[in-house]
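> Would you mind keeping the following structure in view while I ask a few things?
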Amino acid sequence: METIKGVVEAVESKTGQSKRGPWTRYGIKVDGQYISTFDVKVGTGLQVGKAYAFQVEREGDYLNLVKDSVPHEIATPEGAATQLGNGGHPEGD
């Protein structure tokens, strides 16, 4: 398990159906990488442009939010982009 800290750049969702019923997976983009979770409260509760600390587990090339962990808001890391429309770079694209 590791902690990733950074500004949320985007939150995307994908829905589907399995034998156990419908599901929604959330992809939280932080520093150009995606953290996945099926937790609705987390997926819908994060705010783009705010910084959070995430407890994650790596599975190959993928990052998954640790089950039952809740990202907590942190101070925006120095030099991090906090506004939309700048391509995720403090100086813009």
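The values are calculated or read from the model by the stated rules, or taken from the named source; none is laboratory data. Keep in mind that this is a model prediction, so the values were computed, not measured. Note: ideal-geometry Cβ built from the backbone for every residue, glycine included; neighbour counts use all protein chains shown. Only protein heavy atoms, including side chains, enter the accessible area calculation; ligands, DNA and RNA are left aside. Shrake-Rupley method; radii C 1.70, N 1.55, O 1.52, S 1.80 Å.
> If you take the residues in the stretch 35-47 that are assigned to a helix (DSSP H, G or I) and hydrophobic (A, V, I, L, M, F, W, C), which one is surrounded by the fewest Cβ atoms within 10 Å (Cβ to Cβ)? Full working, then the answer.
Our first condition is that a residue be assigned to a helix (DSSP H, G or I); within the stretch 35-47, this holds for 40-45.
Now narrow it down to the ones that are hydrophobic (A, V, I, L, M, F, W, C): 40, 42.
Values: VAL40: 11, VAL42: 19.
The selected residue is VAL40.
> Restricting to the stretch 48-93, name every residue that is modelled with pLDDT under 55 and surrounded by 13 or more Cβ atoms within 10 Å (Cβ to Cβ).
ALA81, THR82, GLY88
> Any residue in the stretch 20-44 that is of a type in the set (A, V, I, L, M) sitting within a Cβ distance under 7 Å of a residue that is in a loop (DSSP other than H, G, I, E, B)? List the pairs, counting only those 6 or more apart or interchain.
Filtered contacts from the stretch 20-44: ILE28/LEU46; VAL42/VAL70; VAL42/PRO71.
> If you don't mind, there's one more thing I want to ask. How many residues does the stretch 10-33 hold that are open to solvent by 90 Å² or more (accessible area, probe 1.4 Å) and under 19 Å from HIS72 (Cβ atoms)?
Residues flagged as open to solvent by 90 Å² or more (accessible area, probe 1.4 Å) and under 19 Å from HIS72 (Cβ atoms) within the stretch 10-33 amount to 1.
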